[in-house]
Amino acid sequence: MRGFIRMVTADQAIQTADPSNIVIFGAAGDLSKRKLIPALVRMMCCGLVHSDSRILGVLRNRSRQEWLDQLRAGLQEFSPHIEMDDDKWQRFSSCLKIVDGDLDDETMYQRLAESLETLGGTKNAMFYCAIPPAWYGKVAKGLRNAGLVHEDEGYRRLVIEKPFGSDLETASALNTELQAVFDENQIYRIDHYLGKESVQNLLVYRFANSIMEPLWNRNYIDHIQISASETLGIEYRAKYYDHSGALRDMIQSHLMQMMTLVAMEPPVEFTADAVRDEKMKVLRAVRRFEPEQIKKQTVSAQYASGTINNEQVSAYVAEENVSPDSATETFAAVRFYIDNWRWQGVPFILWSGKRMKSKVSEVMIRFRKPPFNLFDSHASVPAANALVFRLQPEGGIVLRLNAKKPGLTTDNEEMVMHAPYAADAEEVADAYEILMHDVLTGDRTLFSRSDEIEESWSIVEPILDAWKDRVSIERYRAGTWDIPDMDELTSDCVGGWHKPSIYD
């Protein structure tokens, strides 16, 4: 936290948030304990949440003291790096209030409105839905019926987490349901991936450096791979994941959003709508899948048992709450094409997998090979250059160039240059701190618009349809890169399938 305090107190144009009532539905849930409360603690310590703000937890059958004890235990378990002595905890907890009741109880929303009125002070309110998506519409209607939607005396902002639907039909229905209550500019759809500083830095790398623009097109780039490799399994998310899979969980949301940032044109200005307009143009240009192309342009697989970090791990079908005959994919890869002047013919290969060999997320831009080897005929052919944007861990840039080997020869070897994003990991803010600060200040740049959500679902829907009735799936051994068909998917790409390593 020390580094983050240094960051936000430096000579930077950081907008100060106005006082707000931060209402958390699902305040005793896992997301609140693991992410939201730790982020709010750090934000308050750093002055990113106004000192006159209050945090109201909507709870059921729990006293305020029980909730406070649970939150402090959660801080110690999930965020032990946060320095929290009794005095600091007392200052933070004094801002915490509770509203008791069920989400389907209309009187609870009336009590919430009365609590906000009784507390006095600011009328601003942020409503954070840390609850299952099935409740989003119910909460929105409850807030409307309690008179907590209109912005007569202060802002009203609704924050919802992914998944934003499970297909195009459900996503469209959810958007319709929410937009019947809130204006689109009041709805903040959080994708925590876009809150990562290293992801945001992609825009700066691209548009603040003129050296990249002449090379950022089909004339110089052979292909792009965007990956999210995890060593973890599904942990406590089995009930959600077995009905979702890697395509819905990672590619349709996180990785396609990354693709739009990589492929978009420069916006006319750095505002929320200007940036999101350019992202939307990329999605509209994505080539749609014909049924006969899906097998050639996609890969799916499921992890079997294996060894990770010298520890034996179970197969996916042996995980708790997973059906033993499940055909849900824990690895998915899709080869996209963007049909516009800049990217025509350049494959964008997006892939994500659990129980892989390394935990690494990155964007790898592979450039075309040199057209001719100028050096001695016996010298090795120069490798194709690559620019890698490392998102996690240890965010930064890796540049792969060719250099002469030492000695009396013109043979070449690959030289790898590293440029870390932050020398001190403590200087990097957590994604939820960034995103909640943006909600409090009204900056919608990093949040998905309704048309983006529906367009991305429409792109992957043919794949979902092709996979939904399968009864079997290829397996890969946990802790390896042994993914069936990935080499074939990337066979015509220079360098083939790039298997990321934290040591690259």
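Observations
- The set of residues from segment 47-98 being within 17 Å of Arg34 (Cα to Cα) and among the basic types (Lys, Arg) comprises just one member, Arg72.
- Condition met for Thr118 (within 18 Å of Glu455 (Cα to Cα) and open to solvent by 50 Å² or more (accessible area, probe 1.4 Å)): no
- Residue within segment 388-403 that is open to solvent by less than 40 Å² (accessible area, probe 1.4 Å), part of a strand (DSSP E or B) and farther than 28 Å from Ala246 by Cβ present: yes
- Of residues in segment 282-295 being modelled with pLDDT of 95 or more and surrounded by fewer than 15 Cβ atoms within 10 Å (Cβ to Cβ), the one farthest from Met259 (Cα to Cα): Arg288
- The set of residues from segment 218-239 being open to solvent by 10 Å² or more (accessible area, probe 1.4 Å) and over 16 Å from Ala304 (Cα atoms) comprises Arg218, Asn219, Tyr220, Asp222, Tyr236, Arg237, Lys239.
- Verdict on Leu116 being within 30 Å of the chain's Cα centre (by Cα) and modelled with pLDDT of 90 or more: no
- Of all residues in segment 489-501, exactly one satisfies the criterion of being loosely packed, with under 13 Cβ neighbours inside 10 Å and in contact with a Ser or Thr (Cβ under 8 Å, 6 or more places away or on another chain), namely Ser501.
- Of residues in segment 177-202 being aliphatic (A, V, I, L, M) and assigned to a helix (DSSP H, G or I), the one farthest from Ala39 (Cα to Cα): Leu178
- Any hit, segment 127-147, residues being hydroxyl-bearing (Ser, Thr, Tyr) and part of a loop (DSSP other than H, G, I, E, B): no
- Verdict on Gly407 being in contact (Cβ under 8 Å) with a residue 24 or more places away in the chain and assigned to a loop (DSSP other than H, G, I, E, B): no
- Test: residue in segment 303-320 that is at pLDDT 95 or above, within 30 Å of Gln200 (Cβ to Cβ) and crowded, with 18+ Cβ neighbours inside 10 Å: no
- Restricting attention to segment 263-295, the residues that are in contact with a Lys or Arg (Cβ under 8 Å, 6 or more places away or on another chain) and closer than 30 Å to Glu474 by Cβ add up to 1.
- Qualifying residue in segment 22-42 (condition: open to solvent by less than 50 Å² (accessible area, probe 1.4 Å), more than 23 Å from Glu161 (Cβ to Cβ) and polar (S, T, N, Q)): no
- With a requirement of 1 or more residues that are under 27 Å from the mean Cα position of the chain (by Cα) and under 18 Å from Glu433 (Cβ atoms), the helices (runs of 4 or more DSSP H) lying completely within segment 24-95 that satisfy it span 37-46, 64-78.
- Positions within segment 43-64 being within 24 Å of Asp105 (Cβ to Cβ), open to solvent by 20 Å² or more (accessible area, probe 1.4 Å) and free of Cβ contacts under 8 Å to residues at least 60 places away in the same chain, in sequence order: Arg60, Asn61, Arg62, Ser63, Arg64
- Scanning segment 454-488 for residues that are touching a strand residue (DSSP E or B) at 6+ places or on another chain (Cβ under 7 Å) and open to solvent by 10 Å² or more (accessible area, probe 1.4 Å) yields Trp467, Ile473, Glu474, Arg475, Arg477, Gly479, Thr480, Asp482, Ile483, Pro484, Asp485.
- Odd one out for Ile224 among (1) in a loop (DSSP other than H, G, I, E, B); (2) β-branched (Val, Ile, Thr); (3) within 23 Å of Val262 (Cα to Cα): (1)
The values are calculated or read from the model by the stated rules, or taken from the named source; none is laboratory data. For clarity, every value in this text was computed on a predicted model and none was experimentally measured. In this analysis, Cβ positions are derived from the backbone assuming ideal geometry, glycine residues included, and neighbour counts consider all displayed protein chains. Accessible surface areas use protein heavy atoms only, side chains included; no ligands, DNA or RNA. Shrake-Rupley method; radii C 1.70, N 1.55, O 1.52, S 1.80 Å.
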